[in-house]
């Protein structure tokens with residue numbers, strides 16, 4: 001009974017979950033051409049970029065709990081700070097690589113940049 005009430009309460013979330021960019025086919029229909037290969041790489045990058053943000057939030061929450069539960073222990077405080085630093089560095093790498101690829105693609109005139117590849 002409790003499960004069915006919970007599912008009914010959160011059933012209105014489904015349209016928002018389906019709006020996440022990587023919900024769709026990762027492998028495009030025309031994989032034999034160069035444009036199909038670029039679309040495949042774009043879909044993989046979109047999937048990984050979209051996955052990186054929720055994972056970063058989870059790890060920041062984890063690091064926050066480590067900091068809260070440290071109780072003055074220097075090693076636990078350092079571990080929590082290092083985890084937050086690792087999350088920030090990871091996000092900079094993810095979004096920096098996306099920006100680099102987008103800039104190179106615009107310089108060479110491929111599509112309209114990253115996210116605008118259409119065959």
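The values are calculated or read from the model by the stated rules, or taken from the named source; none is laboratory data. This structure is a prediction, so every number in the text was calculated from the model and none was measured. Here the Cβ positions follow ideal geometry from the backbone for every residue, glycine too, while neighbour counts run over all protein chains shown.
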| request: Determine whether the stretch 17-25 contains at least one residue that is over 16 Å from the mean Cα position of the chain (by Cα) and either at pLDDT 55 or above or surrounded by 11 or more Cβ atoms within 10 Å (Cβ to Cβ) (or both). | output: yes
| field | residue 104 exposed (fewer than 14 other Cβ atoms within 10 Å of the Cβ) and at pLDDT 85 or above | value | no
| said: Would you confirm, using the coordinates I've provided, whether residue 49 is at pLDDT below 90, touching a helix residue (DSSP H, G or I) at 6+ places or on another chain (Cβ under 8 Å) and surrounded by fewer than 12 Cβ atoms within 10 Å (Cβ to Cβ)? | reply: no
| residue 31 passes all but one of (1) modelled with pLDDT under 85; (2) under 19 Å from the mean Cα position of the chain (by Cα); which number fails? | (2)
| field | Complete set of residues in the stretch 70-98 that are loosely packed, with under 13 Cβ neighbours inside 10 Å and in a loop (DSSP other than H, G, I, E, B) | value | 71, 72, 73
